[in-house]
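Remarks on the structure that follows.
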Amino acid sequence: MQTYEVEVKSLLGSPENAEALRAKMLSLDPETSMTSKNIQLNHYFVGGTLEALAKKIESHLNEKAREVLADLASRATQSSVRTRNKDGAVFLVVKASVGDDSSANGVARMEFEERVDLTLEQLDRILLDAGFRYQAKWSRERQEYAFKGTTVCLDRNAGYGWLAEFEKVVGSAEEVPAARESIAMRMG
């Protein structure tokens, strides 16, 4: 029912370092390809509970998404709640910790990401009404690549410059250790 995101980030800083990573991926795997390019506006929230959010948002989710969010809410000990506008499409994003990792920037997290038929402002209002409050708002330009069975995202963020995220999404907690090992090998 849940998916698990295993992700490792690396601060690249300069555009030259981002280009060097692109070139290295292509030299190691000529099949490397850009799978998407987008601009995102992300809003991070704190406070509130996942249970209250699940109740407030239920009329905007299909049955399967409601079940997944309810399951995540019942199991999460720590969570990070976000809204996202990705090239005009609006998403509710919830990441919940797995093991000792944090929900905000952990290496392995349960992940819920669902597109909703709302504006970003309407979705934000639902979160605010559920008891959450804004933590941060920021944007990024993202380029996603398929590299040896791993998703590599190159993000240009205001204030940080370029950042790389190496990510695998797996279907069970049992697959998380192997995914971590695979990412470590790709970053090596």
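The values are calculated or read from the model by the stated rules, or taken from the named source; none is laboratory data. This one's a predicted model, so the numbers in the text were calculated from it and none came from an experiment. Counting neighbours? That spans all protein chains shown, and the Cβs are built from the backbone with ideal geometry, glycine included. Each accessible area value is taken on the protein alone, full model and side chains, heavy atoms only, with ligands, DNA and RNA left out. Shrake-Rupley method; radii C 1.70, N 1.55, O 1.52, S 1.80 Å.
Within the range 40-63, work out how many residues are open to solvent by less than 40 Å² (accessible area, probe 1.4 Å), in contact with a Ser or Thr (Cβ under 8 Å, 6 or more places away or on another chain) and among the aliphatic types (A, V, I, L, M). Final tally of qualifying residues: 1. Only residues that are farther than 13 Å from Ala146 by Cβ, touching a residue at least 12 places away in the same chain (Cβ under 8 Å) and of a type in the set (S, T, N, Q) were counted across the range 19-52, and they come to 4.
Matching residues to (1) open to solvent by less than 70 Å² (accessible area, probe 1.4 Å); (2) modelled with pLDDT of 95 or more; (3) not basic (Lys, Arg):
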| residue | (1), (2), (3) |
| --- | --- |
| Lys37 | no, yes, no |
| Ala65 | yes, yes, yes |
| Arg82 | yes, yes, no |
| Val90 | yes, yes, yes |
| Arg109 | yes, no, no |
| Glu121 | no, yes, yes |
| Leu127 | yes, yes, yes |
| Phe132 | yes, yes, yes |
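Tell me, please, whether a residue that is touching a residue at least 12 places away in the same chain (Cβ under 8 Å) and in contact with a Gly (Cβ under 9 Å, 6 or more places away or on another chain) can be found in the range 63-75. Within the range 63-75, not a single residue is touching a residue at least 12 places away in the same chain (Cβ under 8 Å) and in contact with a Gly (Cβ under 9 Å, 6 or more places away or on another chain). Here Glu141 clears all of (1) outside any strand (DSSP E or B); (2) surrounded by 13 or more Cβ atoms within 10 Å (Cβ to Cβ); (3) not hydrophobic (A, V, I, L, M, F, W, C) except the condition numbered (1). Scanning the range 147-188 for residues that are free of Cβ contacts under 8 Å to residues at least 60 places away in the same chain, touching a helix residue (DSSP H, G or I) at 6+ places or on another chain (Cβ under 8 Å) and part of a strand (DSSP E or B) turns up just one, Thr150.
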